[in-house]
Each structure stands twice: as structure tokens, then as C-alpha cells.
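Take a look at the structure set out below.
Just so it is clear, none of the values below were taken in a lab; they were calculated from the coordinates. This structure is a prediction, so every number in the text was calculated from the model and none was measured. Cβ coordinates were reconstructed from backbone atoms using ideal geometry, including for glycine residues, and neighbour counts include every protein chain displayed.
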């Protein structure tokens, strides 16, 4: 990849030959990038080191501290001491955990920071208890404190990356489960398919996984001790190499070679019968692909990255999770020379899909997509759903508007060449992963967590569709304000609501370059009450998500209302009007769909006064599908509110071809034109008369339904998003 940008791959250390080390070195070579590492062993892929040449930089010639915990701090100290080197790059790719911390803390704010995530540190997450128990009892409390510190450092570092790439679906699930975050891409490590080639059908099984506690090499040796007729070759090194050699001693069918150069490994893999690779919940795994590239099937285990990459019965055999010696023995005996030879071509084809060029092309494409010369649009996605009910998909009108605007705005901005970051407390299903930045947490999310994110990773533009602009937002920030009814009619709001909305309004007025609102009426109110010039406020009318089947059902005799059930929506007026309406139309019902709002207890009292058992129905909050079904069956839609910024339920009624009665106020005249029936706001008698008129006049109901549907033709969320994006970009 040719680029004028300075690129560096930063890797923890090269102390052994592993998949992570090979992946990091290949990235540096194929991207023509510098390679920075804390320390390196000359025997760790020497050809790759030589290939990188003068771009290969080692911060210390050798490791001075060989105790695990001390080495943890020593490695990080090396990166700190040489932090100025890291500041000089436009693009930084971190491989490994100390490297991730170094890039996060010492890279320039505007540098594109990419994490190639081999795994979150397992010793503090899924393998915490195993790691803790490996220490003597009196050291375990100290390890617990150390692990908490490590976890804190790791999560703080990860949050500063622009792009997080997992090396497998398994690692992505691990990230989601243990860190409450997510990755942006999944890119499997590269397989050297041109080096691992079938040479001959040998009589031995080969293991070249690192000899440590996570790879189960000792278990493999124990199983082969019980199979003197089957030969095993172990060609690797690691912390448990001496233990492996001790187990193999006295068993002529087991040969432990330790570390072997690449050329020797290629030859061993090309001549074996099959590979044995059964690591504990492996992050991604490369050994099984390397074996397949050589035309050899793999005896694997149904855990981690192997579960979704070994085709059971075709490119290998998957043992059950946490296998025992007998499971290995049974698997080996199934893998006869004939069985293995029959799968040669299938194995080679399978491995080819994970070759080095495919890997490098994907990494290059990710860098191109996230080019840090592109401007960044940050979008507050915290109101994708009601924050009071996280993960439940519950939405009121504000959240529905936010969801539709974010969906369309994010995709439109990407098409126009912007980088998009939708800041969200949790994963948003349906939005591209690459556009999301998950910031876990609930308390002080906007004022603290989002503000910190904008400080550490600045955006060029910022937009909030629902709340307020936080500190550290860029100068070019924009806020959507639906209305300021809490100022024009404060008695309809609780003190708490007035304080919250007042605070948000003040912050938006202080920090926004422009305010965006949903109607000319709201613009007029905002300009008058907030003393703004008209040029400061942009109108972007709300759209409507069409529900194609909403108008197909048979109509029933009920009047439908959708929205919060509260006094500020004048639901009490609607109830009193319905009581009057029922004197002439006793076979009708009123359905009030929505959650309880301010003054709900008083509304219940109004219902009791009517003494209309079973005629006024309160289903509470309803899902989108339930609401569509209600609209599909309704004969009349009523929206009695006397003060609105816009009216999304009216658009939904038009979409379902339901005639509507709404309050005769300026904003509704602006929106409804001649496609609705108006009543005098606050006048239950007039509302009752209009309800009766529509109930008895089928032709008028049909006419209003047709006009409403016609009005929708000029309304869409795409148009709303386009107006907002044009305002942000000053088009």
C-alpha cells in the first residue's frame, strides 16, 4: 500500500513465534509501515524482521525482567520512555495490549488509531480465576488488585481507538461480553498459503501450537502415550516445553523438537498425516488453517475461533469442548491415512480464503474507509431508544424521531465522504458497526462520558437529535429542538421536567452553531423566546416511516389516540369529548395508546367520571407493530394537544388512511393543511361534534384519508436527514 501518511505497526514484543507476531509483522511489510516493538528475539520470524529492514525498531535489545508482573510494567515503561516516536505517525495500528495502551496514550489526537484485537486480556476477564489461582494463596489478593488495575488501563485505552478490529467472531463475542463494547470489523489473521504445501502423506501427527497452559499440548502428549502405534511430533516452544518433554520421555512414538525454523516447519506440515490443535477457547487460531493449506485435516476442538472455521468432517474433526485423553484417542483413530488423503483438496480450498493477500487487502481497505483526512461527524445516539429502558427497544415520539434521523443521517454522511461516529451506550442493531462508537455507562453519560470521548477523540462536526451538546464538542455543533412548550406552557410540566429541559436548552444555545427544529411554528417560538436571529434556526420537518400493510384491515368503530397519556397532550379534553360523543354513538370505543405521563392520575379520575365501563381502553405503551395494528383498525384518529412542535402520530394516521381530528393551532395548520378536520383547542364540545360528524360521514372520512396520504408524498426521513446534513455542511 502506497501512502503519503506515516504508518506504524506497534506490537508488544517478539519473544516467540506466534500467530499474533506473524500477523503484526505481515501488516507492517504489506503496508510499507514502520514496526515498533518493546524487545525482539532474533529467532522470531527472522525473515520478516529482515524484510522490514531499517523500518524495524526495537526499544530495548533484551528483556531485563523475566518475572511476569514485573515484565508487565517494564514493557509499558519502554513504550513510555520512547513515547515521542509514537507521536510522529498519522496512522497507528496496535497489536497486543501494552501496544494498545501506548498507541492510545501517546498517539496524536488526530492520528487514525486502529486496534487489531487478538483478544481482550484474558487473565483479567474469562481466565481471571485460573490466573489468580496459579499464584500462592497469600499473593492472590494482590493479583486481584493488579487485575483490576490492568482491566481499567485496558478499557481506558480501547476507548481511544477509532477502529477496533477483531481477529475472529469469537473475539468479537468476548469483547461484547466482557467489555460491554464492540468491534467495527472482523478480519481473520493471514495464512501463509504459499509456504504451507502438501508434500507427502507421512505417518505422524504434528502439533506446533505454543507449549503453554492454554494450548493443551500436554494433554495431547498424554493421549499419544496411550497410542504407541501412532506417532506424534511436537515442533514448538513455550513456557511448558520442559513439562512436555518430561511427559514424552520414554515414549519412542513421541518426538519433541522444540522450536524449529520456518522452513523446517513447512516441511514437517507438508509431510504429516494430520495436525492436532486443541487450544482452550482460542481467540482465532492459525495452526488449523496452516495445516489445511498444506492439504492436511486437523483434529480440533469445538471451542473459540475453531468452532466456526473448522468444517467438521471435511477439513478436520471437532472434539467436544474440554476434551479428555479418550476423546483425542478416538479422534486420532478416525483420521486414517485414507480418510486424511480424501480431504486434501477440500482443505487447500478452505485455507485459500484466508490467504495473506486477502488479509492485507482488507486492512488496506479499512484504512482507506477511515482515512483520517476525512472529516468526522459525531452523532449522539443515546436516544435511539428510551434510556429509561435500555436494550428493550421502547420508544416515545422523541426516540422514534432520533432513530429515524440517525439511521438516515449516518448512511447519507458516509455516502458524502464523511467518517461517522454514532456515540451510543450500547450496540445499535441495524447500523453499520464501522459507524458506531460504544461508550458503556448510564450515569452522567452526556456530561461526563461523551464529553471525555470528544476530548480524547475530537470530531469535526457534532449533532444531537434529542438532548444537548456536551462539553468538548467542536465549534461546528448542531442540536435538534422539537419545541419549547415547557417555556410557553410551564404548568403542563413538572418542576423536574422544566429544570431538565431548561438546562438542555441553555447548553444548546451556548454551544450550537445553529439550532435545527421541526416546523416554522417551532422556529418562531424559539426565536422569540430565546432571542435568536432567524438565520440561527434551520427547519427540517419530520418524516414518516411508511407501514405498507397499515391501511388494509377492516375498520372498527373506535377512535384512536397515540402518544403519552398526560394532561399536556390534552388527553383529559379528549376523554370529556368522548363522553359527550357517546350519548349519540354508544357502540364506539376510545383507545388511548401510550405510557403514563404528567397528570396521569387526574386522567384516570376523568375516566371514572364518565362511567363508561370497557369503552375507554388504556393498553399502555405499545410496540411499533401493535401501534400499526391499532391504526389499521381505527376509524378516526384524534390528537387533541393544543401545543406541539410537530405531530408524528398524525403522519402515521395518514399512512394508515385514517381520517384525523386535530387542534386548530398554527403548527397543525402548517402541517395538516386541508387534510384534517380541526376543532377549537381546549373545547371538548367542539371536539365531540367533530368526532360525531366524522363518525356519521363516510365520504368525509374517505376524502380526509386520501388527502392525508397525498400529504405524505412529500415527507420522508431521507429528506429530513438531507436538510440536517446540508445545514451541518453549510450547503
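Give me the angle, in degrees from 0 to 90, between the Cα long axis of helix 356-369 and the longest principal axis of the Cα atoms of the chain, rounded to the nearest 10.
On a 0 to 90 degree scale, this one is about 30.
Quote to one decimal, in nm, the extra length available between residue 712 and residue 605 on full extension: 0.36 nm per residue of separation minus the C-alpha distance between them. Could the numbers behind the result be given before it?
Working: separation 107, 0.36 × 107 = 38.52 nm, distance 3.70 nm.
Separation in residues times 0.36 nm, less the Cα-Cα distance, equals 34.8 nm.
Arrange 464, 396 by Cβ neighbour counts within 10 Å, fewest through most, would you? The partial results should precede the final answer.
Values: 464 30, 396 18.
Going from least to most buried by this count: 396, 464.
Expressed as a fraction of 2.2 N^0.38 Å, the rule-of-thumb size for a compact globular protein of N residues, what is the C-alpha radius of gyration of segment 381-466?
So the Cα radius of gyration is 1.04 times the expected 2.2 N^0.38 Å.
Using Cβ contacts closer than 10 Å as the measure, can you line up 272, 324, 579, 647 from fewest to most? Intermediate values should be presented prior to the final figure.
On the way: 272 27, 324 12, 579 20, 647 24.
Result, fewest neighbours first: 324, 579, 647, 272.
Kindly state, to the nearest 0.05, the FRET efficiency for residue 443 paired with residue 373, given R0 = 30 Å and r defined as their beta-carbon distance.
Efficiency for this residue pair is about 0.25.
Using only the alpha carbons, work out the radius of gyration and Dmax of segment 7-186 in angstrom.
Gyration radius and largest Cα-Cα distance of segment 7-186: 16.0, 49 Å.
Name the shape class, rounded, prolate or oblate, that the alpha-carbon gyration tensor gives for segment 509-648, where a ≥ b ≥ c are the square roots of its eigenvalues, rounded holds for a/c under 1.5, and otherwise prolate holds if a/b is larger than b/c and oblate otherwise. Please list the in-between numbers first.
Numbers: a/c = 2.71, a/b = 1.72, b/c = 1.57.
Cα axes put segment 509-648 in the prolate bin.
With contacts defined as alpha carbon pairs under 8 Å and 6 or more residues apart, what's the relative contact order of segment 558-715 in percent?
Numbers: 270 pairs, mean separation 40.0, N = 158.
Contact order relative to length: 25 percent.
Angle, helix 68-81 long axis vs. longest principal axis of the chain, Cα atoms, 0 to 90°, nearest 10?
The angle comes out at about 70 degrees.
I'd like the orientation of helix 169-179 relative to the chain: the angle between its Cα long axis and the longest Cα principal axis, in ° from 0 to 90, rounded to 10.
So the helix axis and the longest Cα principal axis differ by about 60 degrees.
Over its Cα atoms, what ratio of radius of gyration to 2.2 N^0.38 Å does segment 287-336 give?
On the way: Rg = 10.3 Å, N = 50, 2.2 N^0.38 = 9.7 Å.
Taking the Cα Rg and dividing by 2.2 N^0.38 Å, one obtains 1.05.
Given contacts defined as C-alpha pairs under 8 Å and at least six residues apart, what's the relative contact order of segment 195-330, whole-number percent?
On the way: 282 pairs, mean separation 37.0, N = 136.
This gives 27 percent for segment 195-330.
Between rounded, prolate and oblate, where does segment 187-284 land on the alpha carbon gyration tensor, with a ≥ b ≥ c its root eigenvalues, rounded for a/c under 1.5, else prolate if a/b exceeds b/c? Don't jump to the answer; show the numbers that get you there.
Numbers: a/c = 1.76, a/b = 1.21, b/c = 1.46.
Oblate, because a/c is 1.5 or more while a/b does not exceed b/c.
For segment 259-381, what log10 I(q)/I(0) values come out of the Debye formula at q = 0.16, 0.22, 0.23 1/Å, with one point per alpha carbon and no solvent?
Treating every Cα as an identical point scatterer, log10 I(q)/I(0) equals -0.79, -1.27, -1.34.
I need the shape label for segment 376-539. Rule: rounded when a/c is under 1.5, else prolate if a/b > b/c, else oblate, with a, b, c from the alpha carbon gyration tensor. Spell out each step's value before the answer.
On the way: a/c = 1.61, a/b = 1.34, b/c = 1.20.
Here segment 376-539 falls in the prolate category.
Per DSSP helix of 4 or more residues, -39500 (n - 2.57); summed, then divided by the residues of the chain. What does that give at 222 nm, rounded to the nearest 500?
That calculation yields -12500 deg cm²/dmol at 222 nm.
I need the fraction of alpha carbon pairs in the chain separated by more than 43 Å, rounded to a whole percent. Could the numbers behind the result be given before it?
Details: 114530 of 266815 pairs.
Every Cα pair in the chain considered, those over 43 Å come to 43 percent.
Beyond 22 Å, what share of the Cα-Cα pairs of segment 3-95 remains, rounded to the nearest whole percent? Let's see the in-between values first.
Working: 985 of 4278 pairs.
Of all Cα-Cα pairs in segment 3-95, 23 percent lie more than 22 Å apart.
Any chance you could list P(r) for segment 114-191, counting all Cα-Cα pairs in 5 angstrom bins from zero, rounded to whole %?
Cα pair-distance distribution for segment 114-191, in percent: 3, 15, 23, 21, 15, 11, 7, 3, 1.
Taking segment 309-455, how much of its Cα-Cα pair set, in percent, is spaced more than 25 angstrom apart? Provide the component values of the computation, followed by the final result.
Numbers: 5885 of 10731 pairs.
Here the long-distance tail beyond 25 Å is 55 percent of all Cα pairs in segment 309-455.
What order do you get for 539, 221 when you list them from fewest to most C-beta neighbours inside 10 Å?
Details: 539 15, 221 25.
Ordered from fewest to most neighbouring Cβ atoms within 10 Å, 539, 221 come out as 539, 221.
Report the relative contact order of the chain, percent, no decimals, based on alpha-carbon pairs under 8 angstrom and at least 6 residues apart.
Values: 1417 pairs, mean separation 58.5, N = 731.
Relative contact order for the chain comes out at 8 percent.
Compute from the Cα atoms of segment 309-367 the Rg and the Dmax, the latter being the longest Cα-Cα distance, and quote both in angstrom.
15.8, 47
Mean projection of the alpha-carbon convex hull of segment 558-715 over all orientations, in nm²? Intermediate results must be reported in sequence, preceding the final value.
Numbers: hull surface 33.0 nm².
The Cα convex hull of segment 558-715, projected and averaged over all directions, gives 8.3 nm².
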